[in-house]
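The values are calculated or read from the model by the stated rules, or taken from the named source; none is laboratory data. Just so we're clear, the structure is a prediction, and the values are computed from it rather than from any experiment. When we count neighbours, we look across all protein chains shown, and the Cβ atoms used for this are built from the backbone with ideal geometry, even at glycine. Note: accessible area is taken over every heavy atom of the protein model, side chains too, but ligands, DNA and RNA are not part of it. Shrake-Rupley method; radii C 1.70, N 1.55, O 1.52, S 1.80 Å.
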Amino acid sequence: MPGARGVAAPLMLSALLLHLARASLPAGCLRVSDILSCSNLGLEQVPMWLPATAATLDFNHNRMVRLEEDSFVGIPHLITLRVAHNRLSSLAPGTFRNSSSLRHLDLSSNHLYKVDNHYFQELVRMEELLLFNNHIARVESNALISLRSLRKAYLSHNRLTDFPFFSIQEHKHPFLVTLDLSSNRMLKLPLEDISALPASVQSGLFLHNNSLVCECAMYSLFRMWEQKGFVSVQDYREEHTCLVYGEPRASVQFLQHTRFFENCTVKAQNLLGETMSNLQVYAGHSGLLQCQTSLKGRHLTYQWVTPHQEYIVPPGNNNAMRMYANGSLEITGARLEDSGVYWCMVQDHQQSRNETHEVNVTVIVHRYEVEPFNTGFTTLLGCVVSLVLVLMYLYLTPCRCWCRKPPPLPATPSPAYECSAQSSILVPTPPATTEGPGRKVSNSKHVVFLEPIKEAQNGKLREASASDQPKPHAPRGDAGSGGSFFSDTTVVP
């Protein structure tokens, strides 16, 4: 009928416009492949229409106050959701309905004041949960019970005064390796509940910058964590503080200033509740880590956690780590970075029991030591060589004597070649006159003539006669005379 057609046409048009309005994204949103970014647009709620193929949604830096029911029901393949730096104060029940594939959720820097039990019930595959920098003062006891795949949870910079540690014990969160509760308002810790946590959880439990009251039991727990090399303690030694007698103005760094706990007895018992063994492996070789347990049965499952917080299940994660059905872990081609503490977690789901075994692996590098330089031996050798050289110089070198006689001459030898041993000249200055019968001797007291010097006349040697021999005068009696041969009087023949 013409009238019916005229009425139906406007209805179809309005429905089409409504569909187009719902199918449109807010201006400024950026869509690339399976990523949708609508950050910093001033949005007050999640858009009504979202692409069904989206795997990553970014709504950071907006003005959202609340996430409503079925906000992401049309996105079955959603993996990452970021709603940080908004004004969220609560999440409606069913917010994450049909979002079981979600693995990374960022709700940091909002106004959440508590974590209710219904917030994350549908997120069974959640691995990373960011709730830091909120106003959270309470976490309900079952708020995290559904997060069986949870690996990392960050709740730092909130207002927590306690935390339900008992809710993450045993096998409820087998993959949990990081729980950040730092910078909160905790005064006391439930040490028994914390000691019952698996070793992998304790090693990644961050509790620094809280308002803890100084107690011996608390100090013993953190000191033991430090001795075991837990990163949560070693990397934040200065940030671990406590209040002496609960006085806020008497805060001390108890891991650095231990004098406040001198009267405390650190318990030697193993608070972690696991057995421990050591294994040394040479670099490049293989090492087998045994998962020792008292649990028996066919329904046991084994899991390993490496020092780098890497989770390993059979048959292993790569060529360097192989895990067998009996729980043993083989390290092939060990490297230096493989050193550290490995935890094996054994679970019996039928009896709801679990055990933890710790293996401390040390990778040793082959060192080929070069024999050190023996300075004592070389010094002795040098002395012997020097002595030999000295002896060779003294006994093997030819003697160069200045007074050796020249070879015989056929003619009459010249007096220049004669070497007299009968005279001794003690000063370098020669006498003033050395020739003729009337030669004079200088006034020096250091010249002595023991026998006459042979003089040459007409080219021939003259024999000395008795009359030619010098006759010394008698010494004078003056004080300047030093002896018969060293007086100031001139000696004449």
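Pick out the one residue from SER156, SER183, SER232, SER200 that is assigned to a loop (DSSP other than H, G, I, E, B) and in contact with a strand residue (DSSP E or B) (Cβ under 6 Å, 6 or more places away or on another chain). Give the derivation first.
Working: SER183 fails: in contact with a strand residue (DSSP E or B) (Cβ under 6 Å, 6 or more places away or on another chain); SER232 fails: assigned to a loop (DSSP other than H, G, I, E, B); SER200 fails: assigned to a loop (DSSP other than H, G, I, E, B).
Going through SER156, SER183, SER232, SER200 in turn, the sole match is SER156.
Looking at (1) farther than 30 Å from GLU355 by Cβ; (2) open to solvent by 40 Å² or more (accessible area, probe 1.4 Å); (3) at pLDDT below 85, which is the one condition that is false for ALA268?
The one condition ALA268 does not meet is (1).
What residue, among those in segment 188-197 that are in a loop (DSSP other than H, G, I, E, B) and open to solvent by 40 Å² or more (accessible area, probe 1.4 Å), is nearest to SER156 (Cα to Cα)?
Looking only at segment 188-197, we keep the residues that are in a loop (DSSP other than H, G, I, E, B), and these are 188-190, 196-197.
Keeping just the survivors that are open to solvent by 40 Å² or more (accessible area, probe 1.4 Å) gives 188, 190, 196.
Details: LYS188: 16, PRO190: 18, ALA196: 22 Å.
Looking at the filtered set, the residue picked out is LYS188.
Only one of these is of a type in the set (A, V, I, L, M, F, W, C) and within 18 Å of SER200 (Cβ to Cβ): LEU336, LEU329. Name it. Reasoning before the result, please.
On the way: LEU336 fails: within 18 Å of SER200 (Cβ to Cβ).
The match here is LEU329.
When you scan segment 136-154, do you find a residue that is at pLDDT 95 or above, on the phi < 0 side of the Ramachandran plot, of a type in the set (Ser, Thr, Tyr) and open to solvent by less than 60 Å² (accessible area, probe 1.4 Å), even just one?
yes
Any residue that is closer than 26 Å to ALA199 by Cα, polar (S, T, N, Q) and either open to solvent by 60 Å² or more (accessible area, probe 1.4 Å) or modelled with pLDDT under 95 (or both) - is there at least one of those in segment 159-166?
Looking for residues that are closer than 26 Å to ALA199 by Cα, polar (S, T, N, Q) and either open to solvent by 60 Å² or more (accessible area, probe 1.4 Å) or modelled with pLDDT under 95 (or both), one finds at least one in segment 159-166, hence yes.
Go through (1) modelled with pLDDT of 80 or more; (2) within 25 Å of GLN202 (Cβ to Cβ); (3) β-branched (Val, Ile, Thr) one by one and return the number of the condition THR356 breaks.
(1)
Suppose we filter segment 203-229 for residues that are outside any loop (DSSP other than H, G, I, E, B) and at pLDDT 85 or above; how many remain?
Let us first name the residues in segment 203-229 that are outside any loop (DSSP other than H, G, I, E, B), namely 203, 205-206, 213, 216-227.
Then keep just the ones that are at pLDDT 85 or above; that gives 203, 205-206, 213, 216-226.
The number of residues fulfilling the criteria is 15.
Which one is nearest to ASP34 (Cα to Cα) among residues in segment 75-110 that are touching a Pro at 6+ places or on another chain (Cβ under 9 Å) and surrounded by fewer than 21 Cβ atoms within 10 Å (Cβ to Cβ)?
By that ranking, first place goes to SER101.
Here is a list: VAL370, VAL427, VAL346. Which entry is at pLDDT 70 or above and of a type in the set (Val, Ile, Thr)?
Details: VAL370 fails: at pLDDT 70 or above; VAL427 fails: at pLDDT 70 or above.
Going through VAL370, VAL427, VAL346 in turn, just one is at pLDDT 70 or above and of a type in the set (Val, Ile, Thr): VAL346.
Say whether the condition of being more than 22 Å from LEU176 (Cβ to Cβ) and in a loop (DSSP other than H, G, I, E, B) is met by at least one residue in segment 116-134. Give the steps one after another, and end with the answer.
Restricting attention to segment 116-134, the residues satisfying the condition of being more than 22 Å from LEU176 (Cβ to Cβ) are none.
Within segment 116-134, not a single residue is more than 22 Å from LEU176 (Cβ to Cβ) and in a loop (DSSP other than H, G, I, E, B).
Do we find that ASN40 is open to solvent by 20 Å² or more (accessible area, probe 1.4 Å) and either outside any strand (DSSP E or B) or modelled with pLDDT of 95 or more (or both) in this structure?
Numbers: open to solvent by 20 Å² or more (accessible area, probe 1.4 Å): yes; either outside any strand (DSSP E or B) or modelled with pLDDT of 95 or more (or both): yes.
So ASN40 passes the test.
Residues that are open to solvent by 20 Å² or more (accessible area, probe 1.4 Å), modelled with pLDDT of 95 or more and not acidic (Asp, Glu): does segment 116-124 have at least one?
No, the conditions are met nowhere in segment 116-124.
Against the condition in contact with a strand residue (DSSP E or B) (Cβ under 7 Å, 6 or more places away or on another chain) and over 15 Å from ASN98 (Cα atoms), how does ASN60 come out, does it pass? Even if it seems obvious, please write down each step before you answer.
Details: in contact with a strand residue (DSSP E or B) (Cβ under 7 Å, 6 or more places away or on another chain): yes; over 15 Å from ASN98 (Cα atoms): yes.
Yes, satisfied.
Failed condition for THR275, given (1) modelled with pLDDT under 75; (2) out of contact with any strand residue (DSSP E or B) (no Cβ under 6 Å at 6 or more places or on another chain); (3) under 16 Å from GLU358 (Cβ atoms), with all others met?
Only one criterion is unmet by THR275, namely (2).
When only residues in segment 309-345 that are part of a strand (DSSP E or B) and of a type in the set (D, E, K, R) count, which is most open to solvent (accessible area, probe 1.4 Å)? Full working, then the answer.
Within segment 309-345, the first condition is being part of a strand (DSSP E or B), and the residues that meet it are 311-312, 318, 321-323, 329-331, 340-345.
Now narrow it down to the ones that are of a type in the set (D, E, K, R): 322, 330.
Working: ARG322: 115, GLU330: 36 Å².
Checking each candidate, the answer is ARG322.
Would you point out the residue of segment 53-65, among those that are of a type outside the set (Val, Ile, Thr) and either modelled with pLDDT under 95 or assigned to a loop (DSSP other than H, G, I, E, B) (or both), that is surrounded by the fewest Cβ atoms within 10 Å (Cβ to Cβ)?
Quick first cut of segment 53-65, residues of a type outside the set (Val, Ile, Thr) only: 54-55, 57-64.
Okay, now just the ones that are also either modelled with pLDDT under 95 or assigned to a loop (DSSP other than H, G, I, E, B) (or both), so 54-55, 59-64.
On the way: ALA54: 20, ALA55: 16, PHE59: 25, ASN60: 17, HIS61: 17, ASN62: 22, ARG63: 12, MET64: 19.
Once the filter is applied, the top-ranked residue is ARG63.
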